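Student: After the structure tokens below, expect a handful of questions from me.
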């Protein structure tokens, strides 16, 4: 089974998320955040989504490679569950980002290399989803989807990490020559909520992926039982 | 480590049969002339539509419009060689060539076709919209290098799409997002060429394009045997 043998990580996820949500709303802000003002609290929701998404998609990529190497159906099911969860996480990150952008830049979408890269990357993963839905033969579907997943992950990394670094101008923090959150954080203690938030959100989505993988495996086992009964 | 094992496996390939197979594919392209000429007519009509709807375009619009037309017209011409193959064709080629040899053959044949299409669309574009490119050799170089990358992405993704149940619908969705990184750099570089900034300014973009192309081809060669298995 794809069950993770530790139960405590679920409890840890709940505790860390409770801490993040409650203390994230109560924490006093640093004085020099400027126009960001109270919206900087979105840091605890928007940024962890992307960190967790990169981690989850990377693990899914490794599972895809492992599937092609030794053809265990279990690995592909885990990779699929992780990739779908990664897409969900990316969409959450996109929507929280649009909400943030609407309140600070004045529009939910701007012509920025980081945003455009993510949009293209999400369409790549939409292609992955389409392959999964459009092939009926299970083994062939698993193979094609794994190959496509192995293809798109390096391009996705190139799109959201390398391209914004190459771009001259970007208003999104953390790329090009724009502002960085390190410049704000000198006097304050926002990190004590930020790092637990990353761990908490990632663990929550790992939990979702685990449930999904277990469901798929049980479904497959049921089908096999029907087949050989 | 894995890379080294793969490289050692693939570096001693027997490539002696490839020129003949490339020749065969090009000949079969030449045989059904309707398919080849329909791509040329498609390009011509697309350029004509852009001319009629946007009569006086400037240099900034020129290169983006050029690349839009190139990718939307050549996708049919490049991918149809895979999409029209049925299961029997695949089995036949499987007996004659290994998957890697087949992919290399297709990459070379499609590169030559793409070269032809790019030169033709550039010619038509320059004739209809007027001579807007200041540095025509740099533009040609960028067009060829980007065209190589685009044709290899088209080849690999159409080989994936050909195995799905509805290839015609899936193909554009699988292909266009993968082309975007190449296209972004290509558009940027060809804009520099239309402004005539000189070859030296294009050098970094050209190198990045060549490196991305090599990466795509290596990934394709490593993965093609999993796409091909029946």
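Student: How high is the relative contact order of chain B? Use alpha-carbon pairs under 8 Å, at least six apart in sequence, and give a whole percent.
Tutor: 25
Student: Now for a different question. What is the order of B:225, A:3, fewest Cβ neighbours within 10 Å to most?
Tutor: Ranked by crowding around the Cβ, least crowded first: A:3, B:225.
Student: With a Förster radius of 60 Å, plug the Cβ-Cβ distance of residue B:68 and residue A:11 into 1/(1 + (r/R0)^6) and report the FRET value to the nearest 0.05. Mind showing how you got there, number by number?
Tutor: Numbers: r = 53 Å, r/R0 = 0.88.
So, using R0 = 60 Å, E works out to roughly 0.70.
Student: What do you get for the angle between helix B:136-161 and the principal long axis of chain B? Use alpha-carbon atoms, 0 to 90 degrees, nearest ten.
Tutor: Approximately 40 degrees, to the nearest ten.
Student: First obtain the Kirkwood hydrodynamic radius of chain A from its Cα pairs, then insert it into the Stokes-Einstein equation at 37 °C and 0.692 mPa s, and state the resulting D in µm² per second as a whole number.
Tutor: For the chosen part, D equals 170 µm²/s.
Student: Take the Cβ-Cβ distance between residue A:224 and residue A:158 as r, set R0 to 35 Å, and report the resulting FRET efficiency rounded to the nearest 0.05.
Tutor: E between residue A:224 and residue A:158, to the nearest 0.05, is 0.30.
Student: Per 5 Å bin, what percent of the C-alpha pairs of segment B:1-141 does each bin hold, from zero upward?
Tutor: It works out to 2, 8, 16, 17, 14, 12, 11, 9, 6, 4, 1, 0, in whole percents.
Student: What is the Cα centroid distance between segment A:1-76 and segment B:100-114, reported in whole angstrom?
Tutor: 43
Student: On a 0 to 90° scale, report how tilted helix A:191-228 is relative to the longest principal axis of chain A, with both axes built from alpha carbons and the result rounded to the nearest 10.
Tutor: Rounded to the nearest ten degrees, it is 10.
Student: On to the next question. Using a 7 Å offset from the Cα along the Cα-to-Cβ direction at both residue B:48 and residue B:60, what is the distance between the two label points in nm, to one decimal?
Tutor: About 3.1 nm separates the two model spin labels.
Student: Something else now. With viscosity set to 1.002 mPa s at 20 °C, what whole-number translational diffusion coefficient in µm²/s follows for segment B:47-105 from Stokes-Einstein and a Kirkwood radius over Cα pairs?
Tutor: Rounded, D is 147 µm²/s.
Student: Quote the relative contact order of segment B:108-230 in percent (integer), defining contacts as alpha-carbon pairs under 8 Å separated by 6+ residues.
Tutor: 33
Student: According to a simple spin-label model (label point 7 Å from Cα along Cα-to-Cβ), what is the distance in nm between residue B:40 and residue B:218?
Tutor: A separation of 3.9 nm, rounded to one decimal place.
Student: Where does segment A:54-168 land on Rg(C-alpha)/(2.2 N^0.38 Å)? Please list the in-between numbers first.
Tutor: Values: Rg = 15.7 Å, N = 115, 2.2 N^0.38 = 13.4 Å.
That works out to 1.17 for segment A:54-168.
Student: Okay, next question. For helix B:167-195, report the angle its Cα long axis makes with the longest principal axis of the Cα atoms of chain B; keep it between 0 and 90° and round to the nearest 10°.
Tutor: With rounding to tens, the tilt is 40 degrees.
Student: Using a Gaussian network model on chain B with a 10 Å cutoff between Cα atoms, which of B:199, B:111, B:62 fluctuates the most?
Tutor: So, out of B:199, B:111, B:62, the one fluctuating most is B:199.
Student: Would segment A:4-59 count as rounded, prolate or oblate if I go by the C-alpha gyration tensor, calling it rounded below 1.5 in a/c and otherwise prolate when a/b exceeds b/c, oblate otherwise?
Tutor: Oblate, since a/c reaches 1.5 and b/c is not below a/b.
Student: Moving on. Based on the Cβ-Cβ distance of residue B:23 and residue B:211, what FRET efficiency does E = 1/(1 + (r/R0)^6) give at R0 = 22 Å, to the nearest 0.05? Let's see the in-between values first.
Tutor: Numbers: r = 30 Å, r/R0 = 1.34.
It comes out at approximately 0.15.
Student: Also, I was wondering about something else. Can you give me the Rg/Rh ratio for the protein assembly as shown, using Cα atoms for both radii and the Kirkwood formula for Rh?
Tutor: 1.01
Student: In what order do A:112, B:165 fall by count of nearby beta-carbon atoms within 10 Å, going from fewest to most?
Tutor: Working: A:112 20, B:165 13.
In increasing order of surrounding Cβ atoms, one gets B:165, A:112.
Student: May I ask you to sort B:155, A:202, B:206 by Cβ crowding, counting other Cβ atoms within 10 Å and putting the fewest first?
Tutor: Lowest to highest Cβ neighbour count: B:206, A:202, B:155.
Student: Based only on Cα atoms, what mean projected area does the convex hull of segment B:18-228 have, in nm²?
Tutor: 11.6
Student: Next question. Given the DSSP H assignment, sum -39500 (n - 2.57) over each helix run of at least 4 residues in chain A and divide by its residue total; what's the result at 222 nm in deg cm²/dmol, nearest 500?
Tutor: -25000 deg cm²/dmol
Student: Could you work out [θ]222 nm for chain B from helices alone, using -39500 (n - 2.57) per DSSP H run of at least four and dividing by all its residues? Round to the nearest 500 deg cm²/dmol. Kindly include the intermediate steps, with their values, before the conclusion.
Tutor: Details: 9 runs with 195 residues, N = 230.
Dividing the helical sum by the residues of chain B leaves -29500 deg cm²/dmol.
Student: Taking 7 Å along the Cα-to-C-beta vector as the label spot, tell me the residue B:16-residue A:133 distance in nanometres, rounded to one decimal.
Tutor: Here the modelled spin labels are 5.1 nm apart.
None of the figures in this text is laboratory data; all of them are computed from the coordinates on show. Being a predicted model, the structure only gives us computed values, none of them experimental. Glycine also receives a Cβ, built like all others from the backbone with ideal geometry; neighbour counts cover every protein chain displayed.
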